[in-house]
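Notes for the one structure printed next.
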Amino acid sequence: MSFVLGVGGLAMLVMMTMANDIPKVKISRINPLMDYAVVCVEGTVERKPYVSSSKGKRSCVSFVISDDSGELRVSAYRDVARELIDRDAVPESGSSIRVSGRISISRGGEPKLVLSSAQGINVLQEG
């Protein structure tokens, strides 16, 4: 009986987790306690994205977005960066986007958002 209740409880927990949306946050609200948190941020791509891709080397896509509260670096590495490059899905400067990913706080306390999937970028309006 306890096994059935345990499995049922676990199934319910999984369903509740899947039903919850990724929280949307303002850039200024990101703090060190949010390290490794998965969030959604909307903003404008401030400058031309940095794109590095060479055969046999690590791929990287990085750009800065801003909202009315601050700026945040967004980065994609390896397979995610390669997919963005191959699909021509790297956002242009001036584009309004929604990004979802994991917050990473540097030793100096600076946050960045790391994309775990190329589908983590949605262009709302081209720049």
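The values are calculated or read from the model by the stated rules, or taken from the named source; none is laboratory data. These numbers were taken from a predicted model, which means no experiment stands behind them. Here Cβ is always computed from backbone atoms with ideal geometry, including for glycine, and neighbour counts include all displayed protein chains.
The residues in region 25-76 that are in a loop (DSSP other than H, G, I, E, B), without any contact (Cβ under 8 Å) to a residue 40 or more places away in the chain and buried (at least 17 other Cβ atoms within 10 Å of the Cβ) can be counted, and the count is 2. Consider region 105-122 and keep the residues that are at pLDDT 95 or above and in contact with a Pro (Cβ under 7 Å, 6 or more places away or on another chain). The one that is farthest from Val41 (Cα to Cα) is Ile105. Only a single item in (1) within 15 Å of the chain's Cα centre (by Cα); (2) more than 16 Å from Pro23 (Cα to Cα); (3) among the β-branched types (Val, Ile, Thr) is not met by Val51, and it is number (1).
A residue that is under 21 Å from Gly127 (Cβ atoms), surrounded by 15 or more Cβ atoms within 10 Å (Cβ to Cβ), at pLDDT 95 or above and touching a Pro at 6+ places or on another chain (Cβ under 8 Å) can be found somewhere in region 81-90. Select from region 18-56 the residues that are of a type in the set (Lys, Arg) and under 19 Å from Ser116 (Cα atoms) and list them in ascending order. Correct list: Lys24 only.
Residue by residue through region 1-30, note down the ones that are modelled with pLDDT of 90 or more and over 17 Å from Val64 (Cα atoms).
Applying the first criterion (modelled with pLDDT of 90 or more) to region 1-30 yields 23-30.
Pro23, Lys24, listed by residue number.
Can you confirm whether region 106-123 contains a residue that is part of a loop (DSSP other than H, G, I, E, B), surrounded by 14 or more Cβ atoms within 10 Å (Cβ to Cβ) and over 15 Å from the mean Cα position of the chain (by Cα)? For region 106-123, residues part of a loop (DSSP other than H, G, I, E, B), surrounded by 14 or more Cβ atoms within 10 Å (Cβ to Cβ) and over 15 Å from the mean Cα position of the chain (by Cα): absent.
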